[in-house]
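Beneath this line is the structure, given in structure tokens, with notes to follow.
Laboratory data are not the source of any read-out in this text; all were calculated from the coordinates shown. Predicted model only: the values in this text are computed from it and were never measured. Reconstructed Cβ throughout: ideal geometry from the backbone, glycine too, with neighbour counts over all protein chains shown.
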């Protein structure tokens, strides 16, 4: 017993070093699983507050670009107003519309919440954004984040007043997407190199694609509403020996100058997840 | 200015500089990420106890990690260089007794060549370990080699510019007085 204490005393520094190494590596491995409940809420509040102070200054330098993005988005949305579409009436028989109309909010699927970006990174292989809106203001984990120009990321951490978003520029991010033309679904990820370009996989080679084709979020995507812009095809080549293309996309969102985003919550997701979690009974 | 106050200010400045300036530089190339923050650990005094040095490196790395949202990624390399620092310092200046005469490692206290070696070795160790952890999650071997080499080069250059810009006054202390 005495020898054990002597050993610990003699090699205390080395053992201390080993312990700290193990602690930091386990932080890294289990991040988003266990430690968030204990530390992340507190740490998120602190770093979020510092980020807000910094953003107050830095925001002014991007006002021009932010204004342009928001007015572009407004113009795009105005273009989709029903009042812009009118053609000669070609109907012959008149029927009564029996579709359920969403007057009571019964069949609403997505709720949109605006948020200010106060922290943003794009230079490492794993990038995150901090939003000044948190659990008290209705943010939940796994909500989708959409900017004025397109998809931005997914919420991974929520504290009382701040939330952390895993940017699309993260080597672990996956967004279920499809080609706007033909509705062919694939998955968009980021290879960790250039923040302007994303990678689209799993599009079969039998499909004809062109440079400049739009890629939007797919109808299968659970947290993202469908038809949100992801990017446009920049170039493509066959993906090794597989039967699909490896497509490089030019990201729709300009990650360097993003100031306002919308958080999107799918309020029907719970039910869908419950159904999908039940084991399949093969008959 | 008391040493505790001085190092606290330095701690905050290094973190803020790394988070809000260096991490906000648009990437020049995919291999290059400018890192300067770990210079805080290299600039800690000679006389600090080894346990405190390791602990401080851990806290410092973890603070940066909470800003970048990657708990553990920077803490692990920081702990490594914090732990290895006394060994290399002993190797480099064991004969001259500079650790008794000067407060902390610098060009003046160690001389040009030993200080350059000291910075280069720890910059390399830090980036090697950091990129190794990153590489385990994604990337190719070429990416790993290229990133270690390019990032070490850039950091080394920046550390020397910092050392020349912010000349730290070092009092020569003797035990004769």
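Relative contact order of the range A:144-191: 25 percent, from C-alpha pairs under 8 Å at least 6 residues apart in sequence.
Note: relative contact order over chain A, using C-alpha pairs below 8 Å and six or more positions apart, is 17 percent.
Angle of helix A:63-79 to the longest C-alpha principal axis of chain A, folded into 0 to 90 degrees and rounded to 10: 40°.
Between the alpha-carbon centres of the range B:108-160 and the range A:195-257 there is a gap of 35 Å.
With an a/c value of 1.5 or above and a/b not larger than b/c for the gyration tensor axes a ≥ b ≥ c computed over the alpha-carbon atoms, the range A:97-246 is described as oblate. With contacts taken as Cα pairs under 8 Å and at least 6 residues apart, chain B reaches a relative contact order of 26 percent. Cα convex hull, the range A:149-224: 112 Å³ per residue, rounded to a whole number. Considering all different alpha carbon pairs of the protein assembly as shown, the Kirkwood hydrodynamic radius works out to 25.3 Å. With r as the distance between the Cβ atoms of residue B:51 and residue A:142 and R0 = 35 Å, compute the FRET efficiency 1/(1 + (r/R0)^6) and round to 0.05. Taking R0 as 35 Å, the efficiency between residue A:142 and residue B:51 is 0.25.
Could you tell me how many degrees, from 0 to 90 and to the nearest 10, lie between the Cα long axis of helix B:50-68 and the main elongation axis, the longest principal axis, of the Cα atoms of chain B? The answer is roughly 40 degrees. Site pair residue A:193 and residue A:18 shows an inter-label distance of 4.1 nm when each label is modelled 7 Å from Cα along Cα→Cβ.
To the nearest ten degrees, helix B:3-20 and the longest principal axis of the Cα atoms of chain B are 20 degrees apart. With the alpha-carbon atoms of the range B:1-131 aligned to their principal axes, the span from lowest to highest coordinate is 43, 31, 23 Å, starting with the largest.
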